[in-house]
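*Asks:* Quick one: this structure, given as C-alpha cells, is what I'll be asking you about.
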Amino acid sequence: MVIRRVLAPRIDFGALRRELGLPEVFPEAALREAEQAAAAPPRPAADRRDIPLVTVDPPGSRDLDQAMHLTRRAGGGFRVRYAIADVAAHVRPGGALEEETWRRGQTVYLPDGNVPLHPHILGEGAASLLPDVDRAAVLWTIDLDADGGTVAVMVERALVRSRAKLDYAGVQADADAGRLPEPIALLPQIGALLTARGLHRGAINLPIPEQDVEADGDGWRLVLRAPVPMEEHNAQISLLTGMAAADLMLAGGVGLLRTMPPPKPEAVQRLRAAAAPLGVHWPDGVGVGELLVGLDPAQPRAAAFVDQAAELMRSAAYTAFDGELPGQPAHGGVAAAYAHVTAPLRRLADRYATEVCLALHDGREVPDWARAALPRLPAVMASTDRTASAASRGAIDLAEAVLLEHRVGETFDAAVLDVDAPSNGKARPGRPPGGTVALDDPPVRARCVGELPLGTRVRVRLVAADPVARSVGFELA
C-alpha cells in the first residue's frame, strides 16, 4: 500500500546523471547488433508455449525478466515453472553489445528515465517476456514437496509465451478478493511456505518501506510505500530459483554466487540489547528474521529497531569460483547459498550465471566465454552496484531538497530512527550529537542535530535544504 506521497515541483536530474558519468546512448555498433538480434530472434527447440505463464511487475515496466506458472503435483506438493528472459541467446560473445553491457553492468533507475543495460529494442522488446508474443527463455521447473522443500530441479532453453502482464497492486486486489488467475492462484500458499522455511533457516527480511520519486504531470511525487504481501510472495519464487542455481553451481564446482557473511554474534547481541529500550519484546529462541516479521515499521519504535537490524545486512558481494569452492558460500540474509539468475535484462551477472547452470544441468562443459567471465564479474558488479545505489539515493536526496527548499525554519513531527554511535565511548570531537529522523509528512529521512532519544517521537526544525548539494538538515526543536 502507499503510505504517503507528496508532490514536488519540477526537478532536473541531469546534473546527477553527469556526476555519475551515466552513458546517454549506446554505441552504433552495439545498437546494430541489438537490431540484428531483434530481427532474427532465437527459437529454442523445446516448445513450452502450452504453459500459461504470466508476469508480475510494477505497472509500466517493459523489461520483463520473469514469468511464472504454479501448479499442484500429483501425489502432493507443487510445481513451480519460472521462465527467465534468455538474454545470452540475443547477445553475441565478443561483440560490441556484450562489451557495452560490461561497461554498464546493470540498469540504473532514475525518475526521469532509466539508463538500461540493453538497448530498448532488446530489453523492452525482443528479449522481454511481454504478453502474447513468442520469446526465448530459460525455463526453470522446480518441484516442491507439501512443505515447500525442493525435491527436483530442471532448467532448459525453451520457447514460451506469456499470457498476461500483471502488476502488484492488481494481483494483491485479486488475492484479497479470492480471484487470483489460475497461473498464480497458488502463489500465496507457496510464498507463505517458502517464507516459513526461510525463517526456520534463519533468513532475514527487513520490512523497510520503499522511498521513491515518481513523475506526476509537470512535477514529481515523493512516495513512501510498504510492499504488499503478494510482492513478498513473488520475491520468494525468485529466491527459490536463486538457491536452486547456487546448489547446481556448488555441486558442479564452478559458478558465481551472491554472498554475504552471516550476522556476527556480537552484532546480534547489540541488537538484542537495543530491543528492550525500544519496547520490542524478543522471546528466547526467536531468530532475528522471525522477530522482524511481526513488527510494524509504521510505528516509531519498531521502525528504529528495524533500522538497527539493517546493520546486520552488510558486505554483500559476488563470489566467483572454479574448482575450489568458496569458504563462505552462503548469503546471510537468505541463510543459504544463493545466486542471481532471475534478472538478466537488468543485471549483467545473471546472464553468465545462468549459462553455467544450463551447462551443469546438461552435463556438458561450461562455454569458454561464460567461464572466462566469472572472475571478472565481481569487480564490475560491485562498481556498478555503487553507481546504481548513488543514483537512487541521489535522486531521493534531490527531491527532498527541492521539496523543502522554501520551508526552512518550519517544524515537523518526526520519529528518531538512529542516533550517532560514540567513538571509543566518547563524543566525537567537532561533531555535535545527532542522528537520523523520519518525518511524518513529507516522507523524508535526514540527519538531525540534538540529543535524540532513539525510537521516540520528536519535533524537529528544518535548518537547511540545498538542492545543489542535494542535502537537508534538521535540529531538535
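The values are calculated or read from the model by the stated rules, or taken from the named source; none is laboratory data. Everything numeric here is computed off the predicted structure, so don't read it as measured data. Glycine gets a Cβ as well: all are built from the backbone with ideal geometry, and neighbour counts include every protein chain shown.
*Asks:* List every residue pair whose Cβ atoms lie under 7 Å apart, where the two residues are 6 or more positions apart in sequence or sit on different chains, the first residue falls within the range 53-71 and is under 15 Å from S238 (Cα atoms) and assigned by TED's automatic domain parsing to the domain that holds T354, and the second residue, located anywhere, is hydroxyl-bearing (S, T, Y) and assigned to a loop (DSSP other than H, G, I, E, B).
*Replies:* Every condition considered, the pairs that remain are L64/S128; D65/T342; Q66/T342.
*Asks:* Which pairs have Cβ atoms under 9 Å, sit 6 or more apart or on different chains, and link a residue in the range 84-95 that is touching a residue at least 12 places away in the same chain (Cβ under 8 Å) to one that is of a type in the set (D, E, K, R) and surrounded by fewer than 17 Cβ atoms within 10 Å (Cβ to Cβ)?
*Replies:* From the range 84-95, the pairs are P93/D368.
*Asks:* Please go through the range 199-217 and give me each residue that is part of a helix (DSSP H, G or I) and in contact with a strand residue (DSSP E or B) (Cβ under 8 Å, 6 or more places away or on another chain), ordered by number. Reasoning before the result, please.
*Replies:* The first filter runs over the range 199-217 and keeps only residues part of a helix (DSSP H, G or I), leaving 199-201.
Passing the criteria: only R201.
*Asks:* Take the conditions surrounded by fewer than 18 Cβ atoms within 10 Å (Cβ to Cβ), at pLDDT 95 or above and over 30 Å from W220 (Cβ atoms) and apply them to D167. Does it pass? Write out each step before concluding.
*Replies:* Working: surrounded by fewer than 18 Cβ atoms within 10 Å (Cβ to Cβ): yes; at pLDDT 95 or above: yes; over 30 Å from W220 (Cβ atoms): no.
Criteria not met by D167.
*Asks:* If V286 meets every condition in (1) part of a helix (DSSP H, G or I); (2) over 24 Å from the mean Cα position of the chain (by Cα) apart from one, which number is that one?
*Replies:* Checking V286 against (1) part of a helix (DSSP H, G or I); (2) over 24 Å from the mean Cα position of the chain (by Cα), the one that fails is (1).
*Asks:* Still on this structure, I have one more. Check off (1) assigned by TED's automatic domain parsing to the domain that holds Y109; (2) farther than 30 Å from A137 by Cα; (3) assigned to a helix (DSSP H, G or I) for G327 and give me the number that stays unchecked.
*Replies:* Result: G327 passes all but (3).
*Asks:* Looking only at the range 227-252, how many residues end up being assigned to a helix (DSSP H, G or I) and farther than 22 Å from E365 by Cα?
*Replies:* Number of matching residues: 12.
*Asks:* What strands (runs of 3 or more DSSP E), lying completely within the range 369-477, carry at least 1 residues that are free of Cβ contacts under 8 Å to residues at least 40 places away in the same chain and within 26 Å of the chain's Cα centre (by Cα)?
*Replies:* Numbers: elements: 411-419, 434-439, 445-449, 457-466, 471-476.
Per the criteria, 434-439, 445-449.
Each row is one residue, and each column tells you yes or no for (1) surrounded by 14 or more Cβ atoms within 10 Å (Cβ to Cβ); (2) at pLDDT below 95; (3) hydrophobic (A, V, I, L, M, F, W, C).
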{"position": "T241", "(1), (2), (3)": "yes, no, no"}
{"position": "L248", "(1), (2), (3)": "yes, no, yes"}
{"position": "A251", "(1), (2), (3)": "no, no, yes"}
{"position": "P300", "(1), (2), (3)": "yes, yes, no"}
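*Asks:* Here are the criteria: (1) under 21 Å from the mean Cα position of the chain (by Cα); (2) surrounded by fewer than 18 Cβ atoms within 10 Å (Cβ to Cβ). Tell me which single one E156 does not satisfy.
*Replies:* Against the list (1) under 21 Å from the mean Cα position of the chain (by Cα); (2) surrounded by fewer than 18 Cβ atoms within 10 Å (Cβ to Cβ), E156 comes up short only on (1).
*Asks:* Against the condition outside the structural domain of R92 (by TED's automatic domain parsing) and crowded, with 16+ Cβ neighbours inside 10 Å, how does D440 come out, does it pass? Outline the logic, then answer.
*Replies:* Working: outside the structural domain of R92 (by TED's automatic domain parsing): yes; crowded, with 16+ Cβ neighbours inside 10 Å: no.
Here the answer is no, as D440 does not meet what is asked.
A quick yes/no check of all residues on (1) more than 20 Å from the chain's Cα centre (by Cα); (2) of a type in the set (G, A, S):
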{"position": "P297", "(1), (2)": "no, no"}
{"position": "A304", "(1), (2)": "yes, yes"}
{"position": "E311", "(1), (2)": "no, no"}
{"position": "E324", "(1), (2)": "yes, no"}
{"position": "A339", "(1), (2)": "no, yes"}
{"position": "P344", "(1), (2)": "no, no"}
